[in-house]
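See below for the structure under consideration.
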Amino acid sequence: MRVAIASDHAGFVQKDPLADYLRVKGHEVIDCGPRTDDRCDYPDFADKVARLVACGEADRGVLVCGTGLGIAMTADKVAGVRAVPIQTVDFARLCREHNDANVIGLSGRFVSLEDNEAILDVFLTTEFAGGRHAERVAKMMREDDPEFAGVPLDFGM
Ligand code: RB5
């Protein structure tokens, strides 16, 4: 699998070890930075990974910041991306089975490297369950449709 990875300064301590872990597991890793732990803005790096996933140059995206929250929120703004912050193996499995998540936000400050490796194993090997979940994900992704985006909802009031 081609996996794009990036972090901010708070996730940097885990970014390179996780990239190495993925290579050992046989994945092709696209490292989108940063190269040092100098303070930086997570949106700059989340955006690179999200765009690679959205255009199909990467199959999945892995993002690491302090909490996994801001970096996932940013990635999720890119059309075609379904990014989630994940702290447990169970949620990693469910975000794949139910939500077909294609980008994961990991916490470099509150979750250990070993736990994040286990989370990535599950995130990268669990298939989307499809079926009723596919219909829900399709509804979720209507915001990627230019004819739908920005149109005010009519609640009939
Ligand atoms: C950086 O201090 C921190 O805010 C960032 O890494 C991330 O946790 C934001 O969501």
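Taking the conditions exactly as written (within 16 Å of the ligand (Cβ to nearest atom), at pLDDT 95 or above, out of contact with any Lys or Arg (no Cβ under 8 Å at 6 or more places or on another chain) and over 25 Å from G131 (Cα atoms)), does K77 satisfy them or not?
On the way: within 16 Å of the ligand (Cβ to nearest atom): yes; at pLDDT 95 or above: yes; out of contact with any Lys or Arg (no Cβ under 8 Å at 6 or more places or on another chain): yes; over 25 Å from G131 (Cα atoms): yes.
Taking the combined requirement at face value, the residue satisfies it.
Does the range 75-88 hold any residues that are more than 23 Å from R23 (Cβ to Cβ) and not in a loop (DSSP other than H, G, I, E, B), and which are they?
Those that are more than 23 Å from R23 (Cβ to Cβ) and not in a loop (DSSP other than H, G, I, E, B): V84, P85.
If a residue must be under 20 Å from D8 (Cα atoms) and surrounded by fewer than 17 Cβ atoms within 10 Å (Cβ to Cβ), how many such residues does the range 57-70 contain?
Taking the range 57-70 and keeping what is under 20 Å from D8 (Cα atoms), we get 58, 60-70.
From what is left, the residues that are surrounded by fewer than 17 Cβ atoms within 10 Å (Cβ to Cβ) are 69.
Of the residues in the range 57-70, 1 are under 20 Å from D8 (Cα atoms) and surrounded by fewer than 17 Cβ atoms within 10 Å (Cβ to Cβ).
Conditions (1) within 20 Å of E127 (Cα to Cα); (2) out of contact with any Asp or Glu (no Cβ under 6 Å at 6 or more places or on another chain); (3) charged (D, E, K, R), marked per residue:
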| residue | (1), (2), (3) |
| --- | --- |
| H9 | no, no, no |
| E28 | yes, yes, yes |
| D41 | no, yes, yes |
| K48 | no, yes, yes |
| V64 | no, yes, no |
| A79 | no, no, no |
| S107 | no, yes, no |
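Of these, R109, R93, which one is over 13 Å from the mean Cα position of the chain (by Cα), part of a helix (DSSP H, G or I) and basic (K, R)?
Just a single option satisfies the conditions, and that option is R93.
What's the number of the only condition in (1) under 17 Å from the mean Cα position of the chain (by Cα); (2) more than 12 Å from the ligand (Cβ to nearest atom) that G11 fails to meet?
Checking G11 against (1) under 17 Å from the mean Cα position of the chain (by Cα); (2) more than 12 Å from the ligand (Cβ to nearest atom), the one that fails is (2).
Would you mind stating whether A72 is part of a helix (DSSP H, G or I) and away from the ligand (no atom under 16 Å from the Cβ)?
For A72, the condition - part of a helix (DSSP H, G or I) and away from the ligand (no atom under 16 Å from the Cβ) - is not met.
Yes/no per residue for (1) surrounded by 16 or more Cβ atoms within 10 Å (Cβ to Cβ); (2) not charged (D, E, K, R):
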{"residue": "A72", "(1), (2)": "yes, yes"}
{"residue": "D76", "(1), (2)": "yes, no"}
{"residue": "A79", "(1), (2)": "no, yes"}
{"residue": "A83", "(1), (2)": "yes, yes"}
{"residue": "D90", "(1), (2)": "no, no"}
{"residue": "R96", "(1), (2)": "yes, no"}
{"residue": "D100", "(1), (2)": "yes, no"}
{"residue": "G105", "(1), (2)": "yes, yes"}
{"residue": "R109", "(1), (2)": "no, no"}
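For the range 26-40, does any single residue satisfy the condition of being under 21 Å from L113 (Cβ atoms), in a helix (DSSP H, G or I), at pLDDT 95 or above and not basic (K, R)?
No, the range 26-40 contains no residue that is under 21 Å from L113 (Cβ atoms), in a helix (DSSP H, G or I), at pLDDT 95 or above and not basic (K, R).
Residues that are surrounded by 18 or more Cβ atoms within 10 Å (Cβ to Cβ), of a type in the set (V, I, T) and touching a residue at least 12 places away in the same chain (Cβ under 8 Å): does the range 45-54 have at least one?
yes
Of the conditions (1) out of contact with any helix residue (DSSP H, G or I) (no Cβ under 9 Å at 6 or more places or on another chain); (2) in a helix (DSSP H, G or I); (3) not hydrophobic (A, V, I, L, M, F, W, C), Q14 satisfies every one except a single condition; which number is it?
With respect to (1) out of contact with any helix residue (DSSP H, G or I) (no Cβ under 9 Å at 6 or more places or on another chain); (2) in a helix (DSSP H, G or I); (3) not hydrophobic (A, V, I, L, M, F, W, C), Q14 is out only on (1).
Scan the range 1-11 residue by residue and report those that are part of a loop (DSSP other than H, G, I, E, B) and surrounded by fewer than 23 Cβ atoms within 10 Å (Cβ to Cβ).
M1, H9, A10
The values are calculated or read from the model by the stated rules, or taken from the named source; none is laboratory data. Bear in mind the structure is a predicted one, so any value in this text is a computation, not a measurement. FYI the Cβ positions are ideal-geometry reconstructions off the backbone, even for glycines, and counts take in every protein chain you see.
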